[in-house]
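Here is the structure we will look at, set down as structure tokens.
Please treat every number below as a calculation from the coordinates, not as lab data. Remember, predicted model here, so these are calculated numbers, not experimental data. Quick reminder, even Gly has a Cβ in these numbers, built from the backbone with ideal geometry, and neighbours come from all protein chains shown.
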Amino acid sequence: MGFALPSAIAAKLAAPSRPVVALVGDGGVLMSGLELAVAVREKLALTVIVFNDGYLNQIRMQQLQSSGQGHGVALPVIDFRALADAVGAHYAAGDSALPECIGPATRGTGVTLIEGSVRDSVSVLAAAARGRAKAVVRSALGSRWEVLRRWLRR
């Protein structure tokens, strides 16, 4: 988490003529989002697409798969437009903005941050349901849960 943006900057510096697009979650932007200022300062043509779901979703998925619930992974509401403005990057929101932003960004017109809101997919909801079922079985079996788990993995 937090690796996409710095990696994209490095990729662009290593190959300035190639288009580079960073795909990052909102939690990743919280970890390394001010690196946008570096990309602006270096006058890089870089597009950053942020998937905004309001969670540290990599950690949340592990929690959902284990217990069916997420703990301590909800993020505050982040104003990505304000972040882009603060560092001097262009901003666009939503899927309709992708064609109009990716083109200019790949033609060398600066840093563009595109925000897309996303919701839980069917697979996320299914993982949460399986995790809740595991938690119920674990609770019902108590200490016998580990024996059953090892037997099932064979």
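Side notes on the structure shown:
- Magnitude of the charge dipole for the stretch 4-153, about its Cα centre and with charges confined to Cβ atoms of Lys, Arg (+1) and Asp, Glu (-1), is about 940 debye.
- From phi via Karplus (6.51, -1.76, 1.60), per-residue ³J(HN,Hα) for the stretch 128-140 in Hz, x at Gly/Pro: 5, 5, 5, x, 5, 5, 4, 4, 5, 5, 4, 5, 5
- Rounded to the nearest 0.05, the FRET efficiency derived from the C-beta distance between SER7 and VAL118 at R0 = 22 Å is 0.55.
- For the chain, the fraction of C-alpha pairs more than 20 angstrom apart is 56%.
- Neighbour-count order for HIS90, HIS71, fewest beta carbons within 10 angstrom listed first: HIS71, HIS90
- Rounded to the nearest 10 degrees, the inclination of helix 144-153 to the longest alpha-carbon principal axis of the chain is 60 degrees.
- Mean Cα-pair separation over length for the chain, i.e. relative contact order, pairs under 8 Å, 6 or more apart, %: 25
- Of all beta bridges that DSSP places with both ends in the chain, some 5 percent have antiparallel geometry.
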